[in-house]
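The structure under discussion appears below in the form of structure tokens.
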Amino acid sequence: MSAMHRYFATLARYNVWATRKLYEHVDALPEDDYRRDAGLFFKSVHRTLNHLLVGEHVIWFARFADGVSNRARLDEEIETDRARLRQRLVEGVQRWPALIASWPAERFDGTLEYTSTKGVPQSLPFAATLGHVFNHATHHRGQITAAITAMGHPCPELDLVWMLQEDARS
């Protein structure tokens, strides 16, 4: 396994771990707090989670896995049901590790060709763009944890090193 495989496999595992940890606290939110405008870019915890579903899974996963450029609005609420949204996000993050493992090492040195959500053809460095996907998820999980804290609820420690420390203890 190449160094790039190991690096992105770690980020994909972290994405799974952090999503599960986040949901331990999101699940405890009362419905009103979960759906209220918390001052986030996508307003509520629910709509921010919907954005993660759209961005990470409907748009980016399809680009990386299938070479398909789905057109979706980044603020689109594609899953109104709270439990179903959770299920789709958890299932979605679990698809990345196998996809990453399936690529030959040289794939990380290539480019990702796709069409943006605005219909503009793009050609970007493959590895850096894949890094964007995981960085983007971390960014929005951080927004959600800040909102949960501001609402007066406990929130999880989601730093990557916490997962690495758990790994080292097992």
>> I'd like to check which helices (runs of 4 or more DSSP H) are fully inside the range 1-118 and have at least 1 residues that are touching a strand residue (DSSP E or B) at 6+ places or on another chain (Cβ under 7 Å).
In response: 45-52, 62-66
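So is Thr138 under 24 Å from Leu40 (Cα atoms), among the hydroxyl-bearing types (Ser, Thr, Tyr) and touching a residue at least 12 places away in the same chain (Cβ under 8 Å) or not? Give the steps one after another, and end with the answer.
Numbers: under 24 Å from Leu40 (Cα atoms): yes; among the hydroxyl-bearing types (Ser, Thr, Tyr): yes; touching a residue at least 12 places away in the same chain (Cβ under 8 Å): yes.
Yes; evaluated as a whole, the condition is true for this residue.
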> For the range 129-170, what are the residues that are part of a helix (DSSP H, G or I) and among the polar types (S, T, N, Q)?
Replying inline: Thr129, Asn135, Thr138, Gln143, Thr145, Thr149, Gln165
> Looking at Arg47, Arg63, which is the one that is open to solvent by 20 Å² or more (accessible area, probe 1.4 Å) and farther than 26 Å from Ala168 by Cα?
Replying inline: Arg47
>> Only one of Ala128, Ala105 is surrounded by fewer than 18 Cβ atoms within 10 Å (Cβ to Cβ) and without any contact (Cβ under 8 Å) to a residue 24 or more places away in the chain. Can you tell me which?
In response: Ala128
> Of the residues Arg35, Arg71, Arg84, Arg95, which is in contact (Cβ under 8 Å) with a residue 40 or more places away in the chain, farther than 17 Å from Gly131 by Cβ, of a type in the set (D, E, K, R) and surrounded by fewer than 18 Cβ atoms within 10 Å (Cβ to Cβ)?
Replying inline: Arg71
> Among Thr111, Thr149, Thr145, Thr115, which is of a type in the set (S, T, N, Q), buried (at least 17 other Cβ atoms within 10 Å of the Cβ) and more than 12 Å from the chain's Cα centre (by Cα)?
Replying inline: Thr145
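Tell me which residues, restricted to the range 10-32, are among the polar types (S, T, N, Q) and surrounded by 19 or more Cβ atoms within 10 Å (Cβ to Cβ). Walk me through how you get there before you give the answer.
Filtering the range 10-32 for residues among the polar types (S, T, N, Q) gives 10, 15, 19.
Once the filter is applied, which keeps residues that are among the polar types (S, T, N, Q) and surrounded by 19 or more Cβ atoms within 10 Å (Cβ to Cβ), the range 10-32 yields Asn15, Thr19.
The values are calculated or read from the model by the stated rules, or taken from the named source; none is laboratory data. Not measured: the values here are computed from a predicted model. Positions of Cβ are backbone-derived with ideal geometry, glycine not excepted, and every protein chain shown enters the neighbour counts. We work out accessible area using only protein heavy atoms, side chains counted, and drop any ligands, DNA or RNA first. Shrake-Rupley method; radii C 1.70, N 1.55, O 1.52, S 1.80 Å.
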